[in-house]
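**Q** My structure is below; once you've seen it, I'll send some questions.
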Amino acid sequence: MKTYDLTELALRNLRESSLRNSLTTIGISVGVASLVAMLSLGIGLQKLATRHLAKSGLFDTVVVTSRREMRGFGRDDERNTASAAESRTLDEPARQEIERLPDVLEAYPDIRFITELRYQDKPHLTMVSGIPDSARSNDAFAGIPGTFFSSETAPEVILQKSFAMELLGKTPPPGQEDDVPVNDLAQPLLGQELTMRYAQRVSSPSPMGEDTPTRVSASTDLAESWSDEAYSVISREQKLKIVGISDLDPDSMRGAARARVFLPLKLAQDLRVMQPSDVRDSMRGFSKQPSYSTISVRVKNPKQVEAVEQAIKKLGFNTFSILDATRSLRQFFAVLDLFLGIFGSLALAVASIGIVNTLVMAILERRREIGIMKAIGASDGDVKKLFFAEAGAMGLLGGVVGVALGWTIGHIINLGTNIYLKRQALPPESFWSVPWWLVGAAIVFAFIVSLVSGLYPAARAARLDPVQALRYE
Amino acid sequence: MTIGPVHSKAPSSHNGTPAVRIVDLCRHYQMGETLIRAVDGVSVRIQPGEFVALLGSSGSGKSSLLNLIAGLDRPTSGAVIVENRDLAQLSREELARHRLRTVGMVFQSFNLVSRMTLAENVELPLRFAEVDRSQRQALTRKALERVGLGARRTHRPSELSGGEQQRAALARALINQPKLLLADEPTGNLDSRTGTEIMNFIREFNQSLKMTIVMVTHERALAERYAQRMIFLTDGRLVDDQSNSATVATSLQWERR
Ligand SMILES: Nc1ncnc2c1ncn2[C@@H]1O[C@H](COP(=O)(O)OP(=O)(O)O)[C@@H](O)[C@H]1O
Ligand SMILES: [Mg+2]
């Protein structure tokens, strides 16, 4: 029989005993729906996690350090490879070279220092960090009370919540910091001024005349390079305007974000604040150029992190990225998807028993019809294909309805959760994703499961002896 | 004019290949301890264009023999040769083809598919034969018109009288233009008037379409009136085989008209 005729007859037969067939189809739909719902949730959660992690800058960032610093720690893998030619200083030319590498978005030095900040004449000692302009879209800074820095060199600061509390003299017992709303802190602090006291590094001899430079001979032990390697440190002050308060937990963050006060990176660079690495470098007698302890490299796409890392290593630096963490995260989601998929498939398996049942019942009921069809010339194959087509049609229909159902259920759950999130004053999230491939795969899967379920009934119908079938009245 | 029925052995006057040749055919059923010999060593030749009645009491093996000729069943031993092919040797697939192309069947209980309309029932063998859709419509209409059911094509079997259902079954049996029409008590469920109507159709197919007819009946009168030859079965054995001169005469009359 031709496929078109088969389909037509199958659909016709399904329509005839529509109640039972639609119940079976609903069974398949529910199975498919639960499969789709489960997997969509898994995929959605994965997307959500990846989105957040991507925003946090963890996955597209490579941290570059000089090999020299590592050597001191006696790392096994560095011992042989780091010959003098290979190990380079992490200075401005190196930064520019890294920035020119393909797929690199930007490379910026991590500038961090501990210094004193005065607020209403009270000194506070804390860690200050330079933040690149690209952090504007970061989770930690997007949607904070106040604004991001108005320009790359604006004399402005963003405070970390706990530091803001410290400034206001509100020190809740440990563990209850989270209970203080950020907005309450922002109210009295935004627009206020801080005075930062810091040590500026000036090349020797000092060009400054007006200040009295506190001359520090950083390399007194190395007499031969005394005049080249020495520089001055001048005590300076800078007024800074508070523009924002960040809710971010400093301990959970990487690199530059591990601080309690944030400055625009350019400003921090221009101020030429004395950094711990300066002292170290001059002690070792390296170049006059300021060197960076670490450089953060942002890569266009997390996928290119590995390649960029390799390229930077070739330049003679050490690199670190969170790539390994993504790998284990992906692994986690693969396992989660697998489990959700198994649960969804179980529902579909139960539904497939329904198909077998319906078709076996149909054979008993349509014994005579099968006998008639055989008597007037239907081959075993025709009968088999007809039952197959009926199973397939139920599967296809159930698959389509099931995907729609699963999609709807997912949206309802998403909606409900977002209402809950809103009540908790949290931003809405979409942890639900039905990719097109899942729609297609679910329908195909339902179709295949139905065909497999139809295997036994179809074979049984085909084997039916027409003489026996027609003897029954 | 011949006076009275002339009893003679199977006609040997026909030459050439018979439409059906049955050689020492057996169909036994094992029912627990007992062996039921539904067909037990039957040998017979049926010539092309013959109208044969299979007679015998209930349980004498008429249906069993007919089913073997139809290729619905397989013999325990012996041969059924139709168109030079022994049905006993055919595969299941080939047997289905035989049922589709070579024979048309009608039954006592009509055996129409109840969930389909008349047109769909008649069209069904065309679907199995993979005839083009465009041709199917026309062929179905023609077949239904031939049995006077042109106006009832969209009706379901349950909406029709027994006679009408059997006419639809005849239309279905004819749709693939088989050479052999096998009828198992086609008038058994009908009153005598509608039965006559059906028998007239069958006789017409025999005479104008030159179809070979094998009809099972237990009504001797019916067989004498329409069949050219009567084969008697008792307990699965062929006990008598006679030509029916009266019928031959009428059929000649028919042809002369
Ligand atoms: N499938 C079967 N199993 C067992 N016995 C059968 C079967 N089919 C027919 N018979 C027996 O074979 C004999 C002939 O049956 P059948 O050909 O139907 O007779 P008829 O058509 O002449 O009434 C009967 O005794 C019947 O009981
Ligand atoms: Mg019978």
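**Q** List, by residue number, every residue in the range B:70-109 with a reduction of 10 Å² or greater in accessible area between the chain on its own and the complete protein assembly, 1.4 Å probe.
**A** Hits at the 10 Å² cut-off: B:Leu72, B:Asp73, B:Arg92, B:Glu93, B:Ala96, B:Arg99, B:Leu100, B:Met105, B:Phe107, B:Ser109.
**Q** Spelling out what I want: for every residue of the range B:217-231, take phi, set θ = phi - 60°, compute 6.51 cos²θ - 1.76 cosθ + 1.60 (Karplus), and round to whole Hz; glycine and proline get x.
**A** So the Karplus estimates, Gly and Pro as x, are 7, 10, 9, 4, 4, 4, 5, 5, 6, 10, 7, 8, 8, 10, 10 Hz.
**Q** Could you give each residue of the range B:27-38 its phi-based ³J(HN,Hα) in whole Hz, using Karplus coefficients 6.51, -1.76, 1.60 with θ = phi - 60°, and x for Gly or Pro?
**A** Along the range B:27-38, the couplings run 9, 10, 10, 8, 10, x, 7, 8, 9, 9, 8, 5 Hz.
**Q** Pull up all non-local amide H partners of A:His124: gap of 5 or more, or a different chain, and H-to-H distance under 5 Å with H placed in the peptide plane.
**A** A:Leu117, A:Arg118, A:Tyr119
**Q** With the full set of protein chains in place, find how many percent of the accessible area of the range B:91-131 is carbon and sulfur; take the probe as 1.4 Å. Can you show the working numbers first?
**A** Values: 510 of 1220 Å².
Of the solvent-accessible surface of the range B:91-131, carbon and sulfur hold 42 percent.
**Q** Right, something else. For the B and A pair, go ahead and give the buried accessible area with a 1.4 Å probe, both sides summed, in Å² to 100. Intermediate values should be presented prior to the final figure.
**A** Values: alone 13090 and 24930 Å², together 35340 Å².
Looking at B and A, the buried total is near 2700 Å².
**Q** Treating the beta-carbon of each Lys and Arg as +1 and of each Asp and Glu as -1, no other charges, what is the dipole magnitude of the range B:20-255 about its Cα centre, to the nearest 20 debye?
**A** Details: 31 positive and 27 negative charges, 142 e Å.
That gives the range B:20-255 a dipole magnitude of about 680 debye.
**Q** Could you state the accessible area per residue of the range B:20-255 in Å², with a 1.4 Å probe and every protein chain left in place?
**A** Working: 9690 Å² over 236 residues.
On a per-residue basis, 41 Å².
**Q** Would you pull out the residues with amide H under 5 Å of A:Asp110's amide H, same chain only if 5 or more places away, H placed 1.01 Å from N?
**A** The answer is A:Thr294, A:Ile295, A:Ser296.
**Q** While we're here: Can you give the calculated 222 nm mean residue ellipticity of chain B, where each DSSP H run of n ≥ 4 adds -39,500 (n - 2.57) and the sum is split over every residue, rounded to the nearest 500 deg cm²/dmol?
**A** Numbers: 8 runs with 93 residues, N = 257.
Computed ellipticity for chain B at 222 nm equals -11000 deg cm²/dmol.
**Q** Using DSSP, restrict attention to beta bridges with both residues in the range B:20-255 and report what percent are antiparallel, rounded to the nearest 5.
**A** Working: 23 of 42 bridges.
That works out to approximately 55 percent antiparallel.
**Q** Taking H placed 1.01 Å from N in the peptide plane, check which residues at least 5 places from B:Gly41 or on another chain put their amide H under 5 Å from its amide H.
**A** B:Leu25, B:Cys26, B:Arg27
**Q** Let me ask something else. Among the listed pairs A:Lys2/B:Lys179; A:Lys385/B:Lys142; A:Lys170/A:Lys422; A:Lys170/A:Lys239; A:Lys2/B:Lys62; A:Lys239/A:Lys314, which have their C-alpha atoms separated by more than 31 angstrom in this model?
**A** Working: A:Lys2/B:Lys179 25 Å; A:Lys385/B:Lys142 29 Å; A:Lys170/A:Lys422 28 Å; A:Lys170/A:Lys239 23 Å; A:Lys2/B:Lys62 36 Å; A:Lys239/A:Lys314 42 Å.
As for pairs spanning more than 31 Å Cα to Cα, those are A:Lys2/B:Lys62; A:Lys239/A:Lys314.
**Q** Quick one: what are the phi-derived ³J(HN,Hα) couplings along the range A:339-354, Karplus 6.51/-1.76/1.60 with θ = phi - 60°, whole Hz, x for glycine and proline?
**A** 5, 4, x, 5, 4, x, 5, 4, 4, 5, 5, 4, 4, 5, 5, x
The values are calculated or read from the model by the stated rules, or taken from the named source; none is laboratory data. In this text, all values refer to a predicted model and were calculated from it rather than measured experimentally. Because the Cβ atoms are built from the backbone with ideal geometry, glycine has one as well, and the counts that use them run over all protein chains shown. The area values use the complete protein model at the heavy-atom level, side chains included, leaving out ligands, DNA and RNA. Shrake-Rupley method; radii C 1.70, N 1.55, O 1.52, S 1.80 Å.
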